[in-house]
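Novice: What follows is a structure written as structure tokens; I'll ask about it next.
Computed from the coordinates by the stated procedures, all read-outs in this text should not be read as laboratory data. Quick caveat: nothing in here was measured; it's all calculated off a predicted structure. Methodologically, a virtual Cβ is constructed for each residue, glycine included, from the backbone with ideal geometry; neighbour enumeration extends over all protein chains shown.
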Amino acid sequence: MKFYPALLSDSLETIAHQLEVARSLPQVKLVQVDILDGLFADNLTVSLGDITTLDFGDLKLDLHLMVEEPVDYVYELLDGSFSVPTRSVIAQVERMSFQDQYVKELKDHQVKVGISLDLFTPLTEIEEQIFPDLDQIQLMAVEAGFQAQKLNELIYQKVTDLKQSLTDRRLQCEIIVDGGVKLDNLKKLKQAGADAVAVGSMLWTAKDPREVADKIANI
């Protein structure tokens with residue numbers, strides 16, 4: 001199964017170490033960097049400015065924005081002030097006032113567009129008009145903001161419902177599950193319709209991250 005290492009920390013040293021581990025894994029071509037502003041959830045991470053100091057090597061990144069008004073961060077990212085190898089931006093819908101504005105800004109700069117829904121946020125919170133422009137929809141299997149939480153089993157039906165919704169609309173869009181991902185729930189997530197998972201603590205606490213990466217990739 002396709003997976004993206006998720007980097008979430010307020011320590012630049014920790015992020016740099018995790019990035020080094022990710023670069024050592026042959027299956028990994030992309031990482032997901034989580035940005036929290038302390039307002040969306042009671043947690044604060046490294047900033048966009050901090051990220052520019054990191055060595056991504058050949059890796060690309062998806063930015064997962066758990067912030068108030070993510071479009072403001074998109075403006076900051078795309079105005080030329082930051083140089084990071086961004087493939088896509090995935091932003092939480094809960095604090096986004098203008099979904100169409102967010103989508104347009106990313107599309108205008110040829111950056112892939114992602115929307116993320118917190119665990120108890122219904123699929124109906126995605127505005128109908130933006131569906132055709134979405135490259136990724138990320139479903140949180142925990143309440144967004146912290147790693148090392150247990151996956152909530154409500155996620156399986158939510159993934160299935162999203163997959164059916166996309167099929168009904170005849171749309172192609174990557175479905176990512178983030179939060180609480182473990183080896184013992186990966187197969188069920190895949191069967192439900194997930195295309196990829198964001199993997200955090202399972203990878204970073206492993207004695208042998210390469211072995212864990214091999215097991216994930218073979219599911």
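Novice: Here is the link list: Lys163/Lys207; Lys182/Lys207; Lys29/Lys104. Which ones come out longer than 23 Å on Cα distance? Could the numbers behind the result be given before it?
Specialist: Details: Lys163/Lys207 35 Å; Lys182/Lys207 15 Å; Lys29/Lys104 26 Å.
Cα-Cα > 23 Å for Lys163/Lys207; Lys29/Lys104; rest within.
Novice: Now a separate question. If you rank Met202, Met140, Met1 by fewest surrounding Cβ atoms within 10 Å, what's the result?
Specialist: On the way: Met202 22, Met140 27, Met1 17.
Least crowded to most crowded, the residues run Met1, Met202, Met140.
Novice: Taking amide H positions as placed 1.01 Å from N in the peptide plane, with prolines and chain starts having none, which residues 5 or more places from Tyr4, or on another chain, fall under 5 Å of its amide H?
Specialist: When sequence neighbours closer than 5 places are left aside, the close amide H contacts are Val197, Ala198, Val199.
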